[in-house]
1. What pairs can you find where one residue is in the range 31-43 and touching a residue at least 12 places away in the same chain (Cβ under 8 Å), the other is of a type in the set (S, T, N, Q) and outside any helix (DSSP H, G or I), and their Cβ atoms are less than 7 Å apart, with a gap of 6+ or different chains?
2. Can you name the helices (runs of 4 or more DSSP H) wholly within the range 1-102 that have at least 1 residues being at pLDDT below 95 and farther than 22 Å from residue 127 by Cα?
3. Just name the residue that is surrounded by the fewest Cβ atoms within 10 Å (Cβ to Cβ) out of those in the range 92-104 that are in contact with a helix residue (DSSP H, G or I) (Cβ under 6 Å, 6 or more places away or on another chain) and closer than 14 Å to residue 60 by Cβ.
4. Please identify the pairs in which a residue from the range 79-92 that is farther than 12 Å from residue 34 by Cβ and in contact (Cβ under 8 Å) with a residue 24 or more places away in the chain has its Cβ atom under 7 Å from the Cβ atom of a residue that is of a type outside the set (Val, Ile, Thr) and not in a helix (DSSP H, G or I), counting only partners at least 6 apart or on another chain.
5. Just to verify a result, which residue in the range 68-81, among those that are surrounded by fewer than 11 Cβ atoms within 10 Å (Cβ to Cβ) and not small (Gly, Ala, Ser), is farthest from residue 57 (Cα to Cα)?
6. Considering only the range 120-164, how many residues are touching a Lys or Arg at 6+ places or on another chain (Cβ under 7 Å), closer than 19 Å to residue 45 by Cβ and outside any helix (DSSP H, G or I)?
7. Can you tell which of 26, 46, 53, 89 is in contact with a Gly (Cβ under 8 Å, 6 or more places away or on another chain) and surrounded by 16 or more Cβ atoms within 10 Å (Cβ to Cβ)?
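The values are calculated or read from the model by the stated rules, or taken from the named source; none is laboratory data. Bear in mind the structure is a predicted one, so any value in this text is a computation, not a measurement. Neighbour counts run over all protein chains shown; Cβ positions are idealised from the backbone, glycine included.
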Amino acid sequence: MDLATDERTMLLAFLAFQRQTLRAKAGGLTAEQLRTPLAPSSLTLAGLLKHMALVEDDWFGEVLRGQPPREPWASVDWEADRDWEFHSALGDPPGDLVALFDRAVASSDEILAAEPDLEVLAVRGRHGRQPSLRWILLHLIEEYARHNGHADLIRESLDGRTGT
C-alpha cells in the first residue's frame, strides 16, 4: 500500500486488508475447526464469517444505499435470536460460509466503486443520525480489526497458526 496516497484509496486498502485477514484466518480449516470456540467464549470463526457478511450487507447495502435486506438476513426473526448469524453458522458448510462472505464483500465493493464521495450521507440513519460513507468505512475497518483479533486467538488455538 502506498503510504502517501489519497484518503479514499487508503481507507479502501485498509478495509481490503482487514477483509483478507479474516478470510485467511478461516482458510483451510475443516467444518469442525470452524465451529470450535476458544473457551470460555462461544465465538467461532464460522460465526465471524457470517457476522461480517451481515455487517457488510447491512452497512453498505441497507444503511448507505437504503436497499431492503437480502437473504439470508431478510427472513430471520431477529427478535427471537439477536445473534442468529453466530448461532446458525454452526450448521453451515464451510464453502457456504465463505461464499456468503465473498458475495457480501463483492456487493459492498460494487457499491463503493459507484460512490466516490466520502462525504455522501447514508440513505438510512442509525442511532438517530445519518453517517457519511467516510464514517461507515472507518466503522467497518474498526469492526474487522476487533474481530480479527478474536480470529487470531481462535485460529492459534486450533492449529498454532499465527499472523496473517
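1. 34/44; 35/44; 36/44; 37/44
2. Values: elements: 7-26, 31-34, 45-56, 84-88.
Answer list for the range 1-102: 7-26.
3. Here is the first cut: in the range 92-104, the ones in contact with a helix residue (DSSP H, G or I) (Cβ under 6 Å, 6 or more places away or on another chain) are 94, 97, 100-101, 104.
Within this subset, residues satisfying the condition of being closer than 14 Å to residue 60 by Cβ are 101, 104.
Numbers: 101: 22, 104: 24.
By that ranking, first place goes to 101.
4. 87/81
5. So the first thing to find is which residues in the range 68-81 are surrounded by fewer than 11 Cβ atoms within 10 Å (Cβ to Cβ), and the list is 68, 71, 74-75, 77, 79-80.
In the following step, the residues that additionally are not small (Gly, Ala, Ser) were identified as 68, 71, 77, 79.
Working: 68: 10, 71: 10, 77: 17, 79: 19 Å.
Filtering first and then ranking leaves 79.
6. So the answer is 1.
7. Working: 26 fails: in contact with a Gly (Cβ under 8 Å, 6 or more places away or on another chain); 46 fails: in contact with a Gly (Cβ under 8 Å, 6 or more places away or on another chain); 53 fails: in contact with a Gly (Cβ under 8 Å, 6 or more places away or on another chain).
Unique residue meeting the criteria: 89.
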